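Undergrad: Before I ask anything, let me first share the structure, which is written out below as structure tokens.
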Amino acid sequence: TPALSTESVAQLVAAHGAAVASASERSVTVTLAEEGHARTLDWRFMPSGSGDVIALVRDVTQARALERQLAVTERMATVGTLAAGVAHDLNNPLTYVTANLELARVGVERLARGDSSCIPELLPMLDDALAGAMRAQRLVADLKVFSRVERRHEPRAVDLADLAESAIKLTA
């Protein structure tokens, strides 16, 4: 067919020749360009007992498109699962950050009214809020490492133990 490229024809001739020479089946996949559309064809060359070669050609364009679509769907499902896990993991520390900040706010209001008895309660609340914020920050840093958001152009030494710990935390 005139729509086959020179490279595709060479691949077909080579597969046919290999099937004849080895007396065993050979397969090759080529792309056929037709008026702006590409078709993917699987060619199978099977030697017969009489010295002839039987060629079986199958159009796998639609099957390959469905495979690509399925792969994208699977990736999207994985991303959705990861996003749900990250949202849950971020929500936990943020919950006690906000709860402790709300309690600290009440304490500051009491201070503004002249009630200094709440001062000993304020520091632990702020410490807990800070710990939660730092936990959320570490999760974001682990995600950056995982997604390689911070790309470096220069090679650099990394601590494999830290990298493994980060990966374990993300998968957990």
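Undergrad: Round to the nearest 10 and give me the degree value, 0 to 90, for the angle of helix 6-22's Cα axis relative to the longest principal axis of the chain.
TA: Here the helix axis deviates by roughly 70 degrees.
Undergrad: Once the cut-off is 23 Å, how many percent of the Cα-Cα pairs in the range 14-151 end up in the long-distance tail?
TA: On the way: 6317 of 9453 pairs.
Cα-Cα pairs in the range 14-151 separated by more than 23 Å: 67 percent.
Undergrad: Further question: Give, in nm to one decimal, the length gained when the segment between residue 18 and residue 57 is fully stretched (0.36 nm per residue of separation minus the Cα-Cα distance).
TA: 12.4 nm
Undergrad: Please compute the per residue accessible area over the range 5-52 with all protein chains in place, 1.4 Å probe, rounded to a whole number of Å². Don't skip to the answer; put the middle values down first.
TA: Details: 3040 Å² over 48 residues.
Value returned for the range 5-52: 63 Å² of accessible area per residue.
Undergrad: Next up: For the range 1-85, how big is Rg over Rh, using alpha carbon atoms and the Kirkwood form of Rh? Walk me through the numbers before you get to the answer.
TA: On the way: Rg = 18.2 Å, Rh = 15.2 Å.
When Rh is taken as the Kirkwood radius, the ratio is 1.20.
Undergrad: Still on this model: Going out from 0 in 10 Å bins, what whole percent of all Cα-Cα distances in the range 56-117 drops into each bin?
TA: Per 10 Å bin, starting at zero, the Cα-Cα P(r) for the range 56-117 comes out as 18, 19, 16, 14, 12, 9, 7, 4, 2, 0 percent.
Undergrad: If packing is taken as the mean number of other Cβ atoms within 10 Å per residue, what is the order of 63-73, 127-137, 41-51, highest first? List each step's numbers first, then the result.
TA: Details: 63-73: 10.9, 127-137: 15.3, 41-51: 13.4.
Per-residue mean Cβ counts within 10 Å order the peptides as 127-137, 41-51, 63-73.
Undergrad: Taking the Cα centre of the chain as origin and charging only Cβ (+1 Lys, Arg; -1 Asp, Glu), how large is the dipole, in debye to the nearest 20?
TA: Here the chain has a charge dipole of around 140 debye.
Undergrad: A follow-up question, please. Using a cut-off of 15 Å between beta-carbons, work out the net charge of the residues near residue 30 (Lys and Arg +1, Asp and Glu -1, residue 30 not included). Provide the component values of the computation, followed by the final result.
TA: Details: positive: 26, 39, 44, 58, 64; negative: 7, 34, 42, 59.
Net charge around residue 30: +1.
Undergrad: If r is the Cβ-Cβ distance from residue 130 to residue 69 and R0 is 41 Å, what FRET efficiency results, to the nearest 0.05?
TA: My answer for the efficiency is 0.30.
The values are calculated or read from the model by the stated rules, or taken from the named source; none is laboratory data. Model, not experiment: these values are computed from the prediction. So basically every Cβ, Gly included, is an ideal-geometry build from the backbone, and we count neighbours across all protein chains shown. Heavy atoms of the whole protein, side chains included, go into the accessibility calculation; ligands, DNA and RNA do not. Shrake-Rupley method; radii C 1.70, N 1.55, O 1.52, S 1.80 Å.
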